[in-house]
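Before any comments, here is the structure.
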Amino acid sequence: MKRRTLLSLPLLAAPMALMTPSVARAQAATLTAQDRADLARIEAYMDTLRTLKARFLQVAPNGDTAGGTAWLERPGRMRFQYDPPSPLLLVAGAGLVVFHDAELEQTSNFPLGSTPLGILLADHVKFSGDVTVQKIQRQPGQIEVTTYRTASPGDGNLTLVFSDNLLVLRQWVVVDAQRKETRVSLFNLELGGHFDPNLFYFVDPAITGRKYNAPGNGG
């Protein structure tokens, strides 16, 4: 159980309100004109990114890795289907993130807005107001934007990593309040298209028909 928690829950960085605030508090970046131009460009790109399917590789804080297939539909929907023999599944929809371990027959759910995934899955990604930019880093062909929730700067941060010349979301990194880092990289991206809405509902196998994050039923 400990290994799975380390491997999987940091992906959504379980409810920030349950974490112990880190000693070092986040500081907002002093933005240059170039920073503001790049942030505007990324915001515009994210507005066009409504659906995405990709393979993912997740690296946990202890170095354990897991792969699988991810579906993303903004606003508010995501599915992380881990490859066998992993018994894990993560589904976001209707305002909830549901984490299920089929082997242990355990299910947990958290409000999407209390996790870093809420920043990524927002209808409109804005680097102001509820979200503060902590830093921007540039490398050849790559740009990284580190953010945190303005109201809770000690709870951790989310870094979005893009290829720069042609903006494409390639990776995100979650650092929790204990400074533990989980990195998710995306491969073989398929942009656009329509997904079956049932992908973003979790039906509890122990309770027939119980959809944890269906509209009007736990969401």
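Tabulated data for the structure shown
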read-out: Total residues in the stretch 85-107, condition touching a residue at least 12 places away in the same chain (Cβ under 8 Å) and either surrounded by fewer than 14 Cβ atoms within 10 Å (Cβ to Cβ) or of a type in the set (A, V, I, L, M, F, W, C) (or both); value: 14
read-out: Residues (at pLDDT 95 or above and surrounded by fewer than 17 Cβ atoms within 10 Å (Cβ to Cβ)) located in the stretch 171-188; value: SER185, PHE187, ASN188
read-out: Sole exception among (1) among the polar types (S, T, N, Q); (2) surrounded by fewer than 18 Cβ atoms within 10 Å (Cβ to Cβ); (3) in a strand (DSSP E or B); (4) at pLDDT 90 or above for SER128, by number; value: (3)
read-out: Qualifying residue in the stretch 116-124 (condition: at pLDDT 90 or above, surrounded by fewer than 16 Cβ atoms within 10 Å (Cβ to Cβ) and under 23 Å from THR32 (Cα atoms)); value: yes
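The values are calculated or read from the model by the stated rules, or taken from the named source; none is laboratory data. Bear in mind that the values here come from a model prediction, so they are computed numbers and not experimental data. No Cβ is skipped: glycine too gets one built from the backbone with ideal geometry, and neighbour counts run over all protein chains shown.
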